[in-house]
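What follows is a short report on a single structure.
The values are calculated or read from the model by the stated rules, or taken from the named source; none is laboratory data. The structure presented is a predicted model; accordingly, all values stated were derived computationally and were not measured. Here the Cβ positions follow ideal geometry from the backbone for every residue, glycine too, while neighbour counts run over all protein chains shown. Only protein heavy atoms, including side chains, enter the accessible area calculation; ligands, DNA and RNA are left aside. Shrake-Rupley method; radii C 1.70, N 1.55, O 1.52, S 1.80 Å.
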Amino acid sequence: MSQLKYLIEKEFKQISRNAIIPKMIVLYPVLVLLIFPWAINFEVKNIQIHVVDNARSVYSQRLINKIDASAYFILTGVSTRYNDAISDIEKEKADIVLEIPASFDTDMVKERRAKVMISANAVNSTQGLLGNNYLTQIINDYSQELRTELFPASELSDASHIDAVTDYRYNKRLDYKTFMLPAFIVLMMTLICGILPSLNIVIEKETGTIQQINATPVSKFNFILAKLIPYWIIGLVILTLSFLVTWVIYGLLPSGSFATLYISAVVFLLGITGLGIIISNYSDTLQQSMFLVMFFILIIILLSGMFTPVSAMPGWAQAVAYANPLTYFIEIMRLVYLKGSALPDLFKPLMWLTGFAVFFNTWAVLSYKKRG
């Protein structure tokens, strides 16, 4: 135990003497949580819309005003020529065109229905799809308003209708930041506690320090453990700091217990730091290690369900996602933060994380070649 104690002490001294790592541990989580939730956001707002108003009537003007009042659209122009609107799309001055026909009022009063045409720029398919859905919802709401005004109440009461009342569970305001903040915490722990142990060992290889340690009676198990323990502690510090920042800045606290989060984090850290050690064992230079780290980190982040649901991925991608420790820890973080899940509810993802931790750390010890 005394041997392990001195090795851990050496690691902490080495980390503290580094000019960048201590600052990164404190500043990186703060900056990520301050910037990423606002910048990496899949909510679509400020959609530019050009309206082609051929009717130029009171009803068409009311529809235009209703669209302009929406938080999702910016009215960039109203014209009577469809070609002018298409020209705005080509010049990137508009994202969606709404064309109102000249017979809009007549059709509403006599036919009790009217048609409008929506043309969306689908170069950005997400913006085109969501913009079309938002605009369709506004038009449907306006249609319901006109039906109430134009047609007798007796006619409306006889017609069959269904009222749907929506209750949004766990994220009442549908705030995308609330959904993403737990995942960003996982991202930071992965980047710092997965990359730094790998780079640390490779730097020692290049400086010759590791050769001196290999000439001593230090066992492979103690050497690997001494490399991992400091980053387990650093990971928990990052987690605690992240909890504080998300509470102070966003007012977000987990619905579940902190104990559940810390227990899950410990299991996750055991695995992700072990993966970093494995990469360093197969790297002889810093460049090799950085390339391998970035290769694996990019894959496990993108195929983790952080940005898109795993169920929406193709079969081969789902197979990679389910063999990815990030997938399970992100799931745990979101379930505890948003749903208030407890340890019994998280049995399956915790068992997977435990399996990853045992597998990666066993591989790390066995793949380390101790040369005298």
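Over region 47-150, with the other protein chains present, what is the accessible area per residue in square angstrom, probe 1.4 angstrom?
Each residue of region 47-150 exposes 56 Å² on average to a 1.4 Å probe.
Roughly how many nanometres apart are two label points built 7 Å out from the Cα toward the Cβ at Tyr168 and Asn222?
Going from the Tyr168 label point to the Asn222 one covers 5.7 nm.
When all protein chains stay in place, what accessible area (Å², nearest 10, 1.4 Å probe) is found for Met313?
Looks like 20 Å² after rounding.
If you keep only loop residues by DSSP, which GluC sites (Glu not before Pro) in region 58-108 have at most 13 other Cβ atoms within 10 Å of their Cβ?
The qualifying sites are Glu92.
Restrict the search to region 41-121; then list the trypsin sites (Lys or Arg not before Pro) that DSSP places in a loop and that have at most 14 other Cβ atoms within 10 Å of their Cβ.
Sites meeting the loop and neighbour criteria: Lys45, Arg56, Arg81, Lys91, Lys93, Arg112, Arg113, Lys115.
Which of the following values of percent of Cα pairs over 35 Å apart was calculated from the structure shown: (i) 46; (ii) 27; (iii) 53?
Checked against the structure: label (i).
Among 327-334, 12-19, how do they line up by average Cβ neighbours within 10 Å per residue, starting with the highest? Before the final figure, lay out the partial values.
On the way: 327-334: 25.0, 12-19: 11.6.
The packing order, highest mean first, is 327-334, 12-19.
Given the pairs Lys93/Lys115; Lys13/Lys369; Lys10/Lys205; Lys23/Lys205; Lys91/Lys115, which are separated by over 21 angstrom at their Cα positions?
Working: Lys93/Lys115 25 Å; Lys13/Lys369 24 Å; Lys10/Lys205 16 Å; Lys23/Lys205 24 Å; Lys91/Lys115 27 Å.
Exceeds cut-off: Lys93/Lys115; Lys13/Lys369; Lys23/Lys205; Lys91/Lys115.
Given a Förster distance of 22 angstrom, what is the FRET efficiency for Lys348 paired with Ala259, based on the Cβ-Cβ distance and rounded to 0.05?
Efficiency, from the Cβ-Cβ distance: 0.70.
If you roll a 1.4 angstrom probe over the protein chains with everything in place, what fraction of the accessible area of the chain belongs to carbon and sulfur, to the nearest %?
Of all accessible area on the chain, carbon and sulfur atoms account for 62 percent.
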